[in-house]
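One structure is given here, and the rest of the page talks about it.
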Amino acid sequence: MASTPTHNLNKVTNPENPPTRHGLAGAVPKPSKAKPLTWLFGIFCTLLSSAIIIAGLTVLIIYLIFRPRSPHLFISGATLNAGHIDTDMGIYLNADLTILANFSNPNHKVNIFFSYIELDLYFNNTLIAAQAIPGFSERAGETVLRSLHMVTSEVVIGEAKANGWWKQVNENKIAMEVRGRFRTRSDFGTLLHITYWLYSHCSIVLSDPPGGVLLSSSCRTKR
């Protein structure tokens, strides 16, 4: 009877030498370092999207509840007390103008606070006077009137604009512009406040001085 080699039997039955496939030990996958970063990025994107959605819904709810509108500037009255061209040592404009500015808050539920107000007076695109107004607040639906005394003294305007002034005086229609810049705050209750800038542009026409009265006025206000 043939005998089985002992060394072959040990290879088969020895539990300390389990059979292995060639190259199997090197194929064990290692934990990926990219997966935690991917999860963190996904969580961040989810939180960011949620924050954007919540902010959008909050703005929509505030708009539907308060229906906010920007305040407006109107020129209710104006008087051209004096105005003439001085040609002794050049061409200079001198003028004295009183303006009644009307600040209106059209909101029904939003209070307005003006922290900075500046009004500039122009003739033919030349700045001839400027004045600041102390800040004030307006309750919803309120209108505030402010009187401004604007004086122009020895402002160089040039020959072409001087001729334009004299022509308008002869026609009894002197056109000027009032440009305003306001730092404004809207109060939505006691917790939410929004601050922004407003810019107004008013075109006014007055009769010739002295005692020139306001003939027409048109204003627009925008952010």
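Applying the selection to region 124-178, what residues are over 14 Å from residue 83 (Cβ atoms), in a strand (DSSP E or B) and more than 33 Å from the chain's Cα centre (by Cα)? Across region 124-178, the qualifying residue is only 156. Among residues of region 52-67 that are touching a residue at least 40 places away in the same chain (Cβ under 8 Å) and under 11 Å from residue 109 (Cβ atoms), those with a beta-carbon under 7 Å from a residue that is among the basic types (Lys, Arg) and surrounded by 10 or more Cβ atoms within 10 Å (Cβ to Cβ) at least six positions away or on a different chain give the pairs 66/109. Condition test on residue 81, is it farther than 17 Å from residue 215 by Cβ and assigned to a strand (DSSP E or B)? Here the answer is no, as residue 81 does not meet what is asked. Filtering region 108-117 for residues that are more than 19 Å from residue 66 (Cα to Cα), surrounded by fewer than 17 Cβ atoms within 10 Å (Cβ to Cβ) and in the same structural domain as residue 173 (by TED's automatic domain parsing) leaves a non-empty set. Within region 202-216, residues that are under 12 Å from residue 175 (Cβ atoms) and free of Cβ contacts under 8 Å to residues at least 60 places away in the same chain have Cβ atoms under 7 Å from residues that are among the acidic types (Asp, Glu) and assigned to a strand (DSSP E or B) in these pairs: 203/177, counting only partners at least 6 apart in sequence or on another chain.
From the set of residues in region 193-217 that are surrounded by 15 or more Cβ atoms within 10 Å (Cβ to Cβ) and outside any strand (DSSP E or B), which is nearest to the chain's Cα centre (by Cα)? Among those that are surrounded by 15 or more Cβ atoms within 10 Å (Cβ to Cβ) and outside any strand (DSSP E or B), it is 207. For residue 144, indicate whether it is in the same structural domain as residue 102 (by TED's automatic domain parsing), in contact with an Asp or Glu (Cβ under 6 Å, 6 or more places away or on another chain) and in contact (Cβ under 8 Å) with a residue 40 or more places away in the chain. So residue 144 passes the test. Collect the residues in region 149-185 that are among the acidic types (Asp, Glu) and surrounded by 12 or more Cβ atoms within 10 Å (Cβ to Cβ), keeping them in residue-number order. Passing the criteria: only 177. Only a single item in (1) in a loop (DSSP other than H, G, I, E, B); (2) in contact with a strand residue (DSSP E or B) (Cβ under 7 Å, 6 or more places away or on another chain); (3) not aromatic (Phe, Trp, Tyr) is not met by residue 190, and it is number (2).
The values are calculated or read from the model by the stated rules, or taken from the named source; none is laboratory data. Computed from a predicted model, the values in this text were never measured in an experiment. No Cβ is skipped: glycine too gets one built from the backbone with ideal geometry, and neighbour counts run over all protein chains shown.
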